[in-house]
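K.L.:
The structure follows.
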Amino acid sequence: MPDNSDMTPLPTGEGRLQAFAKEHASQASKNAAAAVGPYVLALLMVALVWQLAIVALDPPSTILPSLGKVAGTFFEELFSGELLVNAGVSLARVATAWLISGVIGIPLGVLIARNGMAERLIDPVIELFRPISPLAWIPLAILWFGIGEAGKVFIIFIATFFPIVLNTVDGIKRVDPVLLRAGQVLGCTNSAELFFRVMLPAALPSILVGLRVSFGTGWAAIIAAELVAANSGLGYLIADGMEILRSDLVMVGMIAIGIIGVLVDALFKALAKRIA
Amino acid sequence: MEMTQIAANGKPGTPTSADAAIEITRVSKQFHDGEGGVVEALRSTSLTIGQGDFIAVVGPSGCGKSTLLNMLGGFDTPSSGNILVENEPVEGPDIERGMVFQDYALFPWLSVLDNVMFGLRKTHSKEDARATAMKWLDLVGLKDFAKKHPKHLSGGMKQRVAIARTFATDPKVILMDEPFGALDALTRRFLQQQLLKIWSEHRKTVVFITHSVQEAVYLANRVVVMTARPGRVKLDQKIDLPYPRTITAPEFRDIETRVFEALDEELAKTFAVEGSDAYAD
């Protein structure tokens, strides 16, 4: 019964979305509409299939809750602060490890790109370790660090490290040599000056891509790590939901992961656009 | 008449205008071709360039004219012989030898103004650098584009920014490597006129590499034709025609013809050797 009452606001919600999309298309630039449109359409299609499945299969709500119930739980968790706290914990873990990766990975990438000896030494090591999924490190991380913060940070470090290093190497190597020459005839007299005034800014867009992509891979990995061994975070929320047979809670966790992932990615893209 | 302005431009202690700005003495250059062979790009080339001269260098593809320019810029060293700029040997790139590149080489992350200010940061205060950069942007007619980024500019505008950026640092010598090669004919003509105007007002020693004989004769007061590889000086043609020059005038045509004749002989050699796509202009 509560399912039904929760379901009523849905169509109006959908209608609002559509109206919003239409309004957007007419008022704002066509670019913005083109960017948002596909997402709205995708959401509507997911909602449609979801509701069709419920109508056709009539599953118990522990297996597949209604859209309305999930929405209800979502706002419940949101307003209780539970969702935000767990999302914050997960984000903080990713951010910490990601920063460590950046601090180590960017200088290392520069070294590999500029020093042939370093490239020959380090490249094979990277190529050996890169194909190993960060998730495969979870058991070792638990053995080495227990289920505390360090283990999680370690796994995210593994997940974020390679995209940062590889994009930095690529960015530095692709710097147009003529820009370096221009820098030299415009007064960059030593290699440090040339590096900071020309090479690094020229490689920055590529380095930012590495930072953006790695945040995504780190964000995907933290959930897995928290599923296995944690007592807080979005992964933990999901694992907890499973244990107490609350599929709506599981879905709320998943939705939060998706929303935060898209938002962070959009933030990076906006930042990269401003810089480049 | 313009020659007298140079003395006024000369700094205390520097030689008089009769002295050479650039002295290239028996310079040769060989490259390894990467397959164990050696390519001789330049053979015992000597050239003396006076203060405030505008030298245009033309020659068949692969005649070593870019090699020569790179050595003047300090990006490459001669295999033998030596190069003096303002009586000093060239040791690596230097802000005293400005360079304008064919593909502009503007820094895409900097605004037009910041591009022009790039070379001024170390020697000028921020306000000074800004004022100087704006002056030069004004001279090339791009004052209104100071805040724009290079990606919003056309090719001709980018090259004008690059020219402003180079002249702003007040180098002793300006090296230009086919600077207008990528531009359409009309833009090219406009930039040639603008460059001549700047050069007549701020007399610099210019070494200008080009594929176009007409461009060379239109701009330079001396045209150097290089031989086919290995490059040497084939023809050293002074041009005393007053500026602005008329490309349809008989005197202009005469000089153009002389340069073309010298070039044609070398082209014939290049074709005989390669039987391929080498051409100039």
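K.L.:
Work out from phi, with θ = phi - 60° and the Karplus expression 6.51 cos²θ - 1.76 cosθ + 1.60, the ³J(HN,Hα) of each residue of segment B:97-114, listed in order in whole Hz, and give x for Gly and Pro.
P.N.:
The phi angles translate into 10, x, 9, 10, 9, 4, 9, 6, 6, 6, 7, x, 7, 10, 5, 3, 4, 5 Hz.
K.L.:
Segment A:142-276: percent of C-alpha pairs farther apart than 27 Å? It would help to have the intermediate numbers written out before the result.
P.N.:
Details: 3649 of 9045 pairs.
Cα-Cα pairs in segment A:142-276 separated by more than 27 Å: 40 percent.
K.L.:
Show the residues, 5+ positions off or on another chain, whose built amide H is closer than 5 Å to the amide H of B:ARG222.
P.N.:
B:PHE54, B:ALA56, B:ILE239
K.L.:
What are the residues of segment B:78-105 that lose 30 Å² or more of accessible area, with a 1.4 Å probe, going from their chain alone to all protein chains?
P.N.:
Listed by number, the residues meeting the 30 Å² cut-off are B:PRO93, B:ILE95, B:PHE101, B:ALA105.
K.L.:
Could you state the accessible area per residue of segment A:229-275 in Å², with a 1.4 Å probe and every protein chain left in place?
P.N.:
Values: 2600 Å² over 47 residues.
That works out to 55 Å² for each residue.
K.L.:
If you find the alpha carbon centre of segment B:107-162 and of segment A:74-92, how far apart are they in angstrom?
P.N.:
49
K.L.:
Something else: What is the Cα coordinate range of chain B on the first, second and third principal axes, sorted by size from largest, in whole angstrom?
P.N.:
Principal axes ranked by extent give 56, 42, 41 Å for the Cα atoms.
K.L.:
Counting only residues 5 or more places away or on other chains, whose amide H sits under 5 Å from the amide H of B:LYS234 once H atoms are built in the peptide plane?
P.N.:
Hits under the 5 Å cutoff: B:VAL225, B:MET226, B:THR227.
K.L.:
Here's something else I'd like to know. Quick one: in segment B:19-65, what % of C-alpha pairs are over 12 Å apart? It would help to have the intermediate numbers written out before the result.
P.N.:
On the way: 761 of 1081 pairs.
The answer is 70 percent, as a whole percent.
K.L.:
Please identify the helices of chain A, taking whole runs of DSSP H, that span at least 27 Å along their own axis as judged from the Cα atoms and have a mean Kyte-Doolittle score of 1.6 or higher. Can you show the working numbers first?
P.N.:
Numbers: long enough: A:30-57 (40 Å, 1.77); A:82-114 (47 Å, 1.47); A:149-173 (35 Å, 1.26); A:200-228 (41 Å, 1.49); A:247-275 (42 Å, 1.62).
Answer set is A:30-57, A:247-275.
K.L.:
Also, I was wondering about something else. Using modelled backbone amide H atoms (1.01 Å from N, in-plane), which distant-in-sequence or interchain residues come within less than 5 Å of B:SER80's amide H?
P.N.:
Amide H to amide H, under 5 Å and 5 or more residues apart or across chains, B:SER80 pairs with B:SER28.
K.L.:
From the backbone phi of segment B:181-193, what are the Karplus-calculated ³J(HN,Hα) couplings (6.51 cos²θ - 1.76 cosθ + 1.60, θ = phi - 60°) in whole Hz, Gly and Pro given as x?
P.N.:
x, 9, 9, 6, 4, 5, 4, 4, 4, 4, 5, 4, 5
K.L.:
For chains B and A, what's the summed buried accessible area, probe 1.4 Å, to the nearest 100 square angstrom? Walk me through the intermediate numbers first.
P.N.:
Working: alone 13530 and 15950 Å², together 27770 Å².
What B and A bury together is about 1700 Å².
K.L.:
Here's a follow-up. Can you quote the Å³ per residue value for the convex hull of the Cα atoms in the protein assembly as shown, rounded to an integer? Don't jump to the answer; show the numbers that get you there.
P.N.:
Working: hull volume 125.6 nm³, N = 557.
Roughly 226 Å³ of hull volume per residue.
K.L.:
Next question. Run the accessible area of chain A with a 1.4 Å probe and give the carbon-and-sulfur part as a rounded percent.
P.N.:
71
K.L.:
Which percent of the accessible heavy-atom area of segment B:178-241 goes to carbon and sulfur, probe 1.4 angstrom?
P.N.:
Heavy-atom surface of segment B:178-241 belonging to carbon and sulfur, 1.4 Å probe: 49 percent.
K.L.:
Quick check on segment A:68-147: take the gyration tensor over C-alpha atoms, sort the square-rooted eigenvalues as a ≥ b ≥ c, and tell me if it's rounded (a/c under 1.5), prolate or oblate. Walk me through the numbers on the way to the answer.
P.N.:
On the way: a/c = 3.25, a/b = 2.41, b/c = 1.35.
Verdict is prolate for segment A:68-147.
K.L.:
I would also like to ask the following. May I ask which residue of A:TYR236, A:GLN184, A:VAL165 lies farthest towards the positive end of the charge dipole of chain A, with charges of +1 (Lys, Arg) and -1 (Asp, Glu) on Cβ and the Cα centre as origin?
P.N.:
Positive-end residue among those listed: A:GLN184.
K.L.:
Counting Lys and Arg as +1 and Asp and Glu as -1, each charge on the Cβ, what is the dipole of the protein assembly as shown about the Cα centre in debye, to the nearest 20? Provide the component values of the computation, followed by the final result.
P.N.:
Details: 51 positive and 57 negative charges, 205 e Å.
That gives the protein assembly as shown a dipole magnitude of about 980 debye.
K.L.:
Next question, about the same structure. Along the charge dipole of the protein assembly as shown, Cβ charges K/R +1 and D/E -1, which of B:ALA220, B:ALA56, A:ALA32 sits furthest on the positive end?
P.N.:
After comparing all options, I get B:ALA220.
K.L.:
Please list 3J(HN,Hα) in residue order for segment B:204-210, calculated via the Karplus relation 6.51 cos²θ - 1.76 cosθ + 1.60 where θ = phi - 60°; whole Hz, with x for glycine and proline.
P.N.:
10, 6, 10, 10, 10, 8, 8
K.L.:
Helix B:250-274 against the longest principal axis of chain B: what's the angle in degrees, Cα atoms only, rounded to the nearest 10?
P.N.:
It works out to around 60 degrees.
K.L.:
Give the separation of the Cα centroids, segment A:105-127 to segment A:201-276, in Å.
P.N.:
28
K.L.:
Give me the angle, in degrees from 0 to 90, between the Cα long axis of helix B:155-168 and the longest principal axis of the Cα atoms of chain B, rounded to the nearest 10.
P.N.:
80
The values are calculated or read from the model by the stated rules, or taken from the named source; none is laboratory data. What you see is a predicted model; the values in this text were computed from it and never measured. Neighbour counts run over all protein chains shown; Cβ positions are idealised from the backbone, glycine included. With ligands, DNA and RNA removed, areas are computed over all heavy atoms of the protein, side chains included. Shrake-Rupley method; radii C 1.70, N 1.55, O 1.52, S 1.80 Å.
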